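First the structure, in the form of structure tokens, and then the observations on it.
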Amino acid sequence: MSSQAQAFTTPLAEAPLNSRFGLAWRLALLASLLLVGLLVLTLGASIFWGVGLWGVNIPFVWGFDLINYAWWVGVANGASLFAAILVLRQHDLRTAVNRFAEAIALFGVICAGLFPIVHLGRPWLFYWVFPYPATYHVWPQFRSTLTWDFWAISTHVILTSLLWYIGLIPDLATLRDRARRPRVQKFYGFFALGWRNSVRHWVHHQAAHRLVAILILPLILIMQSTVAFEFASTLIPAWHDTRLPLHFVATGLVQGLAAVLLVAWLLRWGLRLEPFIDDRDVDLLSWLVLASALVTGFLYLDEAAAALLAEPMQTTAFLNRVFGDYAAFYWMAVLCCVLAPQILWWKRARRSVLLGVILGLSVSAGVWLDRFSIIVGGFQRDYLPSMWRSYSPTWTEAGLLVGTIGLFAALLLLFARTLPAVSMFESRHDEHEDRA
Amino acid sequence: MNDSPPFSSGSAPSAPRRLWRSLEELQDAPDLQAWLDAEFPNIARAGSMDRRSWLRLVGASLALAGLPACSGEGAVGDPPLLSPPEHLPGHVPGTPLFVATSLELAGLGRGVLVKTQEGRPFKIEGNPLHPASLGATDVWAQAEVLSLYDPDRSRTPLQQGAERTWEDAERLLATMRTELAFGRGKGWRFLLPQTASPTLDRLVAAMRQGFPEARWHRPAPLAPSGAQAGAISAFGRAVDLVPDLTQADLVLTLGGDIFLFEPGHIRLAADWQARRRNREKPLPRLVAVESTPSLAGARADQRIPLRPRLVEGFAHALWAGLAQNAVPAEAHPAVATLLAELRRAGPRAVVLAGREQPAAVHALALAINAHLGAFGTTVHAIEPVVAPTPPEEDLPALAEAITAGEVSGLVILGANPAYDAPADLDFGRLVRRVPLSVHLGFGRDETAAASTWHLPKCHPLESFGDLRAFDGIVGFRQPACVRLVPSLSPEELLANLLGQAPDGRELLAATWAEQWGADFDIRFTRALEDGVVEGSAAPRIPVALRPDWSPAPRPPLPPAELDILFSLDPSLWDGSYANNAWLQELPKPLTKQVWGNAALIAPETAAARGLSTGDLIEVIAGERRVAAPVWLLPGHAPDTVTLPLGYGRESAGAVGWRVGFDAYLLRTAADPWITSGTLTPLGSQVELISTQHHHALPGHAVFRIVSADRPDAGGPPAKLPSLYPEWRYEGHAWGMSIDLDACIGCNACVIACQAENNVMVVGPEEVARGREMHWLRIDRYHGGAPENPDTFFQPVLCMHCEKAPCEVVCPVNATVHSAEGLNDMVYNRCVGTRTCSNNCPYKVRRFNFFDYSSAELAPPDDALNPHVTIRERGVMEKCTYCIQRIWTARTQANVENRPIRDGEIVTACQQACPTQAFRFGDVNDENSAVSRLKREPRDYAMLGELNTQPRTTYLARIAPTGENGG
Amino acid sequence: MAAVLFGLAAEFDTPERLVQAVERAREAGYTKLEAFSPFPLKQAADGLGERALPLFVIAAGAALVGASIQYGAQFYLNAVDYPLNVGGRPLHSWPAFIPATLIVAILWAGVATLLTFLFRAGLPRLHHPVFAVPGFERASEDRFFLVIEHGDPQFEPQRCAAFLESLGPSTVREVPAS
């Protein structure tokens, strides 16, 4: 049985500790680093010359900046919600996907966090939303949804990394113990905090891990709602709607699940982790994606009904979103988030790497289009027709979007190579319980 | 200014030192030089000065030279009463001084007050004492202050395009003097546009006398050429008309635009609105017969779109109906009802023909007025303010002479014929054929390029002179600052040639000394203080229709596919303002187009030719053709194209260079205003930039119209239930009321706001992106059929909502409420989330997407209002209710230890408005004008249903009355 | 010798053996015991009598503190210290203060949880004598250790070693003190 245990953890530990990285990995990293370069470029330009480099104007004061923000937050929240639920339900699947669900959440929220800062007219003053004793003793204006958002996003970053890190400590210890080269050993040793698998430690570790997982649940509900509030609490007819938070939470969920599905497939295929992410796991994930897609579909219907029953301005605004200049985005969103996943009813679809990847991408794209339709499409029909205008994004904005995707990919690649993509102690635990 | 050479201290006897009133001169003054080296060593040698040092220098130089700003050694006479002079006790340095002067438009004067500080003009207001202003201004007057500091203005003399010193110029003038004296002016031609200036006329007369062989040419490219001819045919003499719209029950305009382009337009608008406000009398009617939609037409109770060629027939039918009681069968359907109205109104009706109309139409208009007995009540005849130009003094005559080689020397005073002369003369080429041509111009324009010599002309705000207004009243022109550039005024150049001391003030004084004799001093001082010469109004002259007059027989019109109409431009006038960025970026009242012009045609005409806005067409008249983009303008007459003049400048300066297309290329001496031709689509498209794309009046009552008899705007009650407790505003609570029935959409407020609040110009690309910065915009809506729609203008600025949505969403307290209910914008606290704009239902907030204040289109620092902050990149900005003016008034009141009086605070928009559509004041004060207006039943809050409780409310427009009225 | 000894370590190769060993050691009256396992081993923990702290209560407490601080700050800074008329809203706009309060409460709870865990587990502590035991690194892999520390009143190297041997370990080693 000892050998059995070995068999389990070795491949997992192999990945991080192996010094000879695969060529594919190197190419992928190179590609994503190029995109990171693009990100640095566009960020730099936007900060140096001003947000005038984007397509924004009056009334379209927000463009890709807030779209990308809402989108990345959705990725993060969906993933953490999923991860947290797995931890709490002690679900078998957690062993397999928890670790990178959390990783996705963390990296997603990092990408998201960029935008609230860079979208400012004077980004170098972003810290003014934090209550510190400033000149003239002016304080932030706490009624503003943007201050709520400041607290939400920072809390999200901290808590997600907590959940992730607490889960990592024992595995870091494992890597420390298996590392051959002293420098690597020191590296992991430092972050393992001297974890020595004491049975006593395990008790507290499990409790803490669980509790943080519990805390994640309300947090992301509030977080996602706060993002929605930034729009819902304004007077813009297309946004001024109490159902918007629900919409953001639900679409965020399908988005996060799809992202997890995507990465699960990629890891399983890329790192040959079939034994850990087995068919049952991806099957379950696919069902979850399908289910949340159905919920999203229901919400789209609800939205239409609500808008058509609302006051004229809101109805006009909604109809403009659905049939106006930006209608394509709305319908593409419906297609990608609601209709495309329906293919998962089909068993072979749930088993195919290609389809899994494509679906993951399509849903993610769909949610982005949904945010575009809400934000840009919402701006277009305001109260005074004299200010009805249009918005066309610029290359700089596109660069920001692609750039953050590159950053996200780069972080994931590094993660897959430096840390166990699947929780090792959990696997050992399962294996022990299976025998018991 | 430092790149121009220092001046010889009056080398030429005929050019005494005082001619060159400029900083350079003062810098040369040894005492100043010494003082400078002591005080500002860096400035004394600075290559180019920054604003502060420039101000210091001005201040210093003035102080040292013993000149208080705009006074002292000949700069102005005794200081105007409107502003206490520097050296009197009681004047606080740093507070603005006002200088009364006159600005010219098409040869006529408008009285203005120039607001200066430390000798630096930065804002222009109307002169309440001046009949052509009554305290209001138009966009061109407002924009003059920017032109004054135009970086592209001519700074040195040029010979064949090469820079020359003023000594060289002096030598040139000397040789000219000798030549003129030698041949008694033989072979010399002088080109001076018609201007109603007694002093210029005096000097010209002197020149004619001194050099009898020289020939003079006084073209008036914009003159209502038809008017005089019409008057001569109808009355046997040339007259000018001075309408008095306060007396008119019915105004019928035949073309033109009495609110924008006609002589005295500001006064006409003011009188018209005064008449509407007069509760004793029934609402007057304005009926506009026109081809191009005008402001008058937009405001008219009834508007009749007609092809230019049909206007005469229409007028003729009216005349026939009135005089012979025989309305021609083929007459326009509207004629019958209009006749009834004219008869009813009788002497309280007036018919006004536009400047572009042919003599026949003017004659008919005069005849109808005479028949109705309107002369003496609604309109008066006076001697022509601008003497009619005899044919031999017009441009074609000059062209012939040059072609015949009779011209050895040509002096062009302030005109730019190479650009605006009739195209068939090809004047630029002609000027080049003249051996010696001397051009005095403000900028290095097309004519400067064509002439052998170019001399810088000084800005009206830098020199002395006098100008008659449309009603003949004389206003003095006096400097508001020392000359920023060594330059000459036309008067001074003529004096120089006459061998007189070219001192503007002396020349002006000389003109009036003759007339006033003994009490000259008092009257002269008085005129300088008031800006107007009292009792100088032209006497009314009795006119009677010639008994033998009958309408000119109307030859059958040649069939023409298309009528072509040339019009002045609501932004650039005739093109002389092409390099003024404020005006280039000013949305035209009806099209809201900026940074360019377009050929205006009716939607149905366009549809018939498969054209849509932005399509390039070629307009062909005779053998001339010009390519232009089309603009579909609802209400435009069918089968007619209107070509706005003033664009397509080849050498206007960095701003105006090649913006739009040049309509002058089609304009011939024979028919300067109306001709006929064809158009052919070129099949290509260009992007035309406009600030408002949607025309239709919104469903929810944003713009409200009430009937005269039941003027109730309706809408939500003043106080809707709110979850939030009321804030109490002790003391003052500022508010504004905007009368939509008064607004004529003339844009004066927009430019006034821009000038007052340092609103930046962003340029065509940025406007195309939707980033214009105007704090005050005028929304234009159309209603009804596109063939002849109703047009509505609605000024929109920050409403200063008491429950301001913008403030609640700002994370950093950058926009908050003041104790007096102002919606303050704290620039240095703003981080630029732009979410306040999201939450503003009126979308009046403007964002600095780039660093506009230091972009190349930004006005020079000197032109900026020193009382208003410059906004940096990344911050939001918006209307502040001119908070700087509120504080000025508050300070004054505190100094005098009294409360602020109602009407003491006047916002820039309010001050500029000819029709007093804006009222600002304290809504806590029951009896303030604004409170009274807000109590009127016409009062309503835009989007009041949102319950943001805006401090700015509107007075609903009153629907047209009478026949075809609403 | 005893002085340089931290304790004795018995290595087992199945969790079951470790659990038994813990039981037996307790019965034998040993008190200063420490067990090591590559994954959470509840029975062993119970054997050692290790209880998880009421983390939830601690976190809840922290949340309460954080919430009151956040709400208090929002109220004090916007309504008392620098009152401004913002959009005509009441100075104390409590509904608008709630979302941030909730979020910050969660933040405090989370951080408190981590700190409590580290504190209770005595981490971070990068060095510990047991690391010196040869083969101990497999404690994070597939081996299970029981350590009797020399601080135990009954600790006497020979007897203790014999006792450990009786538990059927794969090896028994000394844990040098250092």
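Checked against (1) within 8 Å of chain C (Cβ to nearest Cβ); (2) touching a residue at least 60 places away in the same chain (Cβ under 8 Å); (3) in contact with a Pro (Cβ under 7 Å, 6 or more places away or on another chain), A:TRP202 passes all but a single condition, namely (2).
Residues in segment A:365-399 that are of a type in the set (S, T, N, Q) and either surrounded by fewer than 23 Cβ atoms within 10 Å (Cβ to Cβ) or in a loop (DSSP other than H, G, I, E, B) (or both): A:GLN380, A:SER390, A:SER392, A:THR394, A:THR396. Taken over segment A:116-161, residues that are more than 8 Å from chain B (Cβ to nearest Cβ), surrounded by fewer than 21 Cβ atoms within 10 Å (Cβ to Cβ) and not in a helix (DSSP H, G or I) amount to 5. One residue alone among B:VAL812, B:VAL759 is within 11 Å of chain A (Cβ to nearest Cβ) and either farther than 13 Å from B:PHE918 by Cβ or under 22 Å from the mean Cα position of the chain (by Cα) (or both), and that residue is B:VAL812. B:GLU802 satisfies every condition listed in (1) farther than 21 Å from B:PHE847 by Cβ; (2) within 11 Å of chain A (Cβ to nearest Cβ) except (2). Residues of segment B:786-838 that are in a helix (DSSP H, G or I) and of a type in the set (Ser, Thr, Tyr): B:TYR827, B:THR835, B:SER837. Counted as qualifying within segment B:839-951 are no helices (runs of 4 or more DSSP H), as none has 3 or more residues that are crowded, with 24+ Cβ neighbours inside 10 Å and either free of Cβ contacts under 8 Å to residues at least 24 places away in the same chain or within 14 Å of another protein chain (Cβ to nearest Cβ) (or both).
Taking the criterion of being under 27 Å from the mean Cα position of the chain (by Cα), assigned to a helix (DSSP H, G or I) and of a type in the set (Val, Ile, Thr), the only residue of segment B:396-450 that qualifies is B:THR447.
Yes or no: segment B:714-723 includes at least one residue that is facing another protein chain (nearest Cβ under 10 Å) and either aliphatic (A, V, I, L, M) or farther than 23 Å from B:PHE259 by Cβ (or both).
yes
May I ask you to verify whether B:ARG523 is touching an Asp or Glu at 6+ places or on another chain (Cβ under 9 Å), surrounded by fewer than 16 Cβ atoms within 10 Å (Cβ to Cβ) and not acidic (Asp, Glu)? Spelling it out, it is not the case that B:ARG523 is touching an Asp or Glu at 6+ places or on another chain (Cβ under 9 Å), surrounded by fewer than 16 Cβ atoms within 10 Å (Cβ to Cβ) and not acidic (Asp, Glu). Residues of segment A:40-57 being hydrophobic (A, V, I, L, M, F, W, C), in contact (Cβ under 8 Å) with a residue 40 or more places away in the chain and surrounded by fewer than 24 Cβ atoms within 10 Å (Cβ to Cβ), which ones? Result: A:VAL40, A:LEU41, A:LEU43, A:ALA45, A:ILE47, A:LEU53. With respect to the stated conditions, A:HIS156 fails to be farther than 22 Å from C:THR113 by Cα and touching a helix residue (DSSP H, G or I) at 6+ places or on another chain (Cβ under 9 Å). Going through (1) within 25 Å of C:HIS150 (Cα to Cα); (2) small (Gly, Ala, Ser); (3) in a helix (DSSP H, G or I) one by one, C:ALA9 falls short only on (3). Can you name the number of the only condition in (1) surrounded by 19 or more Cβ atoms within 10 Å (Cβ to Cβ); (2) more than 7 Å from every other protein chain (Cβ to nearest Cβ); (3) among the hydrophobic types (A, V, I, L, M, F, W, C); (4) more than 34 Å from the chain's Cα centre (by Cα) that C:ALA105 fails? Of (1) surrounded by 19 or more Cβ atoms within 10 Å (Cβ to Cβ); (2) more than 7 Å from every other protein chain (Cβ to nearest Cβ); (3) among the hydrophobic types (A, V, I, L, M, F, W, C); (4) more than 34 Å from the chain's Cα centre (by Cα), only one is false for C:ALA105: (4). Among the residues of segment A:223-243, those that are away from chain B (no Cβ under 14 Å), touching a residue at least 60 places away in the same chain (Cβ under 8 Å) and surrounded by fewer than 24 Cβ atoms within 10 Å (Cβ to Cβ) comprise A:ASP241, A:ARG243.
The sole residue among A:ASP278, A:ASP302, A:ASP241 that is more than 30 Å from C:ALA100 (Cβ to Cβ) and of a type in the set (D, E, K, R) is A:ASP278.
Evaluation of B:VAL289 against the conditions (1) part of a helix (DSSP H, G or I); (2) at pLDDT 95 or above; (3) not charged (D, E, K, R) shows that the sole unmet condition is (1). Among the criteria (1) over 26 Å from A:ILE405 (Cβ atoms); (2) part of a helix (DSSP H, G or I); (3) among the hydrophobic types (A, V, I, L, M, F, W, C); (4) at the interface with another protein chain (Cβ under 7 Å from one of its Cβ atoms), the one A:LEU219 does not fulfil is (1).
Look at C:ALA44 and say whether it is in a helix (DSSP H, G or I), among the hydrophobic types (A, V, I, L, M, F, W, C) and at pLDDT 90 or above. Spelling it out, it is not the case that C:ALA44 is in a helix (DSSP H, G or I), among the hydrophobic types (A, V, I, L, M, F, W, C) and at pLDDT 90 or above. Summed over segment C:68-93, the residues that are under 39 Å from the mean Cα position of the chain (by Cα) and over 14 Å from A:TRP139 (Cβ atoms) give a count of 3.
Among the residues of segment A:271-299, which ones are crowded, with 18+ Cβ neighbours inside 10 Å, among the small types (Gly, Ala, Ser) and either farther than 17 Å from A:ARG351 by Cβ or in contact with a Phe, Trp or Tyr (Cβ under 9 Å, 6 or more places away or on another chain) (or both)? Answer for segment A:271-299, where residues must be crowded, with 18+ Cβ neighbours inside 10 Å, among the small types (Gly, Ala, Ser) and either farther than 17 Å from A:ARG351 by Cβ or in contact with a Phe, Trp or Tyr (Cβ under 9 Å, 6 or more places away or on another chain) (or both): A:SER292, A:ALA293, A:GLY297.
Would you mention how many residues in segment C:20-30 are in contact (Cβ under 8 Å) with a residue 40 or more places away in the chain, in contact with a strand residue (DSSP E or B) (Cβ under 9 Å, 6 or more places away or on another chain) and either within 13 Å of chain A (Cβ to nearest Cβ) or loosely packed, with under 15 Cβ neighbours inside 10 Å (or both)? Here the count works out to 3. Identify the residue in segment A:300-315 that is out of contact with any Leu (no Cβ under 7 Å at 6 or more places or on another chain) and surrounded by 14 or more Cβ atoms within 10 Å (Cβ to Cβ) and, among all such residues, is farthest from A:CYS337 (Cα to Cα). So, considering only residues that are out of contact with any Leu (no Cβ under 7 Å at 6 or more places or on another chain) and surrounded by 14 or more Cβ atoms within 10 Å (Cβ to Cβ), the one farthest from A:CYS337 (Cα to Cα) is A:MET313. If B:GLY821 satisfies every condition in (1) of a type in the set (Gly, Ala, Ser); (2) on the phi < 0 side of the Ramachandran plot; (3) more than 8 Å from chain A (Cβ to nearest Cβ) but one, which is the exception? With (1) of a type in the set (Gly, Ala, Ser); (2) on the phi < 0 side of the Ramachandran plot; (3) more than 8 Å from chain A (Cβ to nearest Cβ) applied to B:GLY821, the lone miss is (2). Can you find a residue that is over 19 Å from the mean Cα position of the chain (by Cα), assigned to a helix (DSSP H, G or I) and farther than 30 Å from B:GLU392 by Cα anywhere in segment B:247-262? Yes, segment B:247-262 contains a residue that is over 19 Å from the mean Cα position of the chain (by Cα), assigned to a helix (DSSP H, G or I) and farther than 30 Å from B:GLU392 by Cα. Of the listed requirements (1) farther than 30 Å from C:GLN70 by Cβ; (2) surrounded by fewer than 22 Cβ atoms within 10 Å (Cβ to Cβ); (3) within 9 Å of another protein chain (Cβ to nearest Cβ), C:ALA139 misses just one: (2). When C:PRO95 is tested against the conditions (1) surrounded by 19 or more Cβ atoms within 10 Å (Cβ to Cβ); (2) more than 8 Å from chain A (Cβ to nearest Cβ); (3) farther than 24 Å from A:SER198 by Cβ, the lone failure is (1). On inspection, C:PRO169 does not qualify as over 19 Å from C:PHE12 (Cβ atoms) and either facing another protein chain (nearest Cβ under 10 Å) or not in a strand (DSSP E or B) (or both).
The values are calculated or read from the model by the stated rules, or taken from the named source; none is laboratory data. Since we're looking at a predicted model, the values are computed, not measured. Ideal geometry is used to build each Cβ from the backbone, glycine not excepted, and the neighbour counts take in all protein chains shown.
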